[in-house]
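Contents: one structure, followed by commentary.
The values are calculated or read from the model by the stated rules, or taken from the named source; none is laboratory data. Keep in mind that this is a model prediction, so the values were computed, not measured. Note that we place each Cβ from the backbone using ideal geometry, even for glycine, and neighbour counts take in every protein chain shown. Note: areas computed on protein heavy atoms with side chains; ligands, DNA, RNA excluded. Shrake-Rupley method; radii C 1.70, N 1.55, O 1.52, S 1.80 Å.
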Amino acid sequence: MAGKRLPLLATGLAGGLLSGLFGAGGGLAVVPLLGRAGLEARRAHATSLAVTLPLAAASGLFYLSLGAVEPGQALPYLPLGLAGAWLGGRLLPRLRAVWLHRMFGGVLLYAAGRLLLA
């Protein structure tokens, strides 16, 4: 049991650190970490989302307390962001793992390209 807990605890620490550094985008790194800890693809994605919510909330409150962001800055993004999250949640159980991996890899490659060219 202890041998299985260590990778999960390390993943939790890494997810929190990445979320604090990169915002909810830190969750992108959590999915592969959860996969390495033994979760299958759909469960890793769903678990990452469930973990990302409280981590993003904690990071957001921290940045609000520092005055680094104003609450009204997020409001224009929330309606369609929530709609997209609902749609993604509905699609996740219907996707085969291979397509989920390909889509996720595509998003990571796109993000890496944007970061390299920024």
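Details
- Taking the protein heavy atoms of the chain in the context of the full set of protein chains, the accessible area attributed to carbon and sulfur is 73 percent at 1.4 Å.
- Probe 1.4 Å, accessible area per residue of segment 30-95, Å²: 73 Å²
- Options Ala57, Ala118, Trp99, ranked by Cα towards positive dipole end of the chain, top entry (Cβ charges): Trp99
- Counting 0.36 nm for each residue step from Arg43 to Leu17 and taking away their Cα separation leaves a gain of 7.2 nm.
- Span-rule helices in the chain, defined as complete DSSP H runs reaching 18 Å or more along the axis (Cα) with Kyte mean at least -0.5: 2-22, 41-66, 78-91, 97-117
- Label point distance in nm, Ala112-Trp86, each placed 7 Å from Cα along Cα→Cβ: 3.5 nm
- Projected area averaged over orientations for the chain, convex hull of C-alpha atoms, nm²: 8.7 nm²
- Dividing the summed -39500 (n - 2.57) terms of all DSSP H runs of n ≥ 4 by the residue count of the chain sets its mean residue ellipticity at 222 nm at -26500 deg cm²/dmol.
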